[in-house]
Each structure stands twice: as C-alpha cells, then as structure tokens.
Amino acid sequence: MRVRIVAEAETEAQEAALWYEQQRQGLGVEFLDSFEGALRAIGITPQGFTRIRRVGSSREVRHFVLQRFPYRIVYEVRSDEVLVLAVAHVRRRPFYWKKREG
C-alpha cells in the first residue's frame, strides 16, 4: 500500500536523525535506515501493528515502535493509503498528533 508522510512527521524524523548524528557520527543515518525499514513494513502489512484506541474516533490509527530508538511511527490506515501522522518519541507529549490529517 502507498505510504504518505505528513510534513510535520517528516520534520520530526529529520530532527531526530540530526540529533542522533550529533551524538555519534553515523547514528543519524542508522535512525533513518530504521525509519525507512519501518515504512516498508508498514506499507506491506499496515494492519499488522498495534492499533491505538485512545484516538476517540472511527479513524484506524496504529503505531510501529522502532527497534533501536525510542520512537514510534504513528499512522492512519485509509482505504487507498497509509498516512504517517507522527514520528513521536515514546516518552514525550503523548497524543500531540491527534488532530493531524493529510
């Protein structure tokens, strides 16, 4: 299925990669590799990951937790695409992305 990323989520991924790169050379690239691998997995099996029930609507919102990094990709499964809403740190500002739409 086609995966589309909202601008805010793209910015979040780039900012996280930059932060990791500043911590150790090459770590930001590893973050982006992990992110891109997650996007491929989500595109192949969008319903294969945990549904977030606290959204409070009929939207089918799910998340994929990255293996090495404390981030999750929050996405909405739509009839014709998967929309990535956020690249969210798992310990900061839960549900800040709820009003994002594409």
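Laboratory data are not the source of any read-out in this text; all were calculated from the coordinates shown. Source: prediction; values computed, not measured. With ideal geometry, Cβ positions are generated from the backbone for all residues, glycine too; neighbour counts draw on all protein chains shown.
Right, P94: over 12 Å from the mean Cα position of the chain (by Cα) and surrounded by fewer than 19 Cβ atoms within 10 Å (Cβ to Cβ) or not? The answer is yes for P94. Checking each residue in the range 38-53 for being within 16 Å of A88 (Cα to Cα) and surrounded by fewer than 15 Cβ atoms within 10 Å (Cβ to Cβ) picks out T50, R51.
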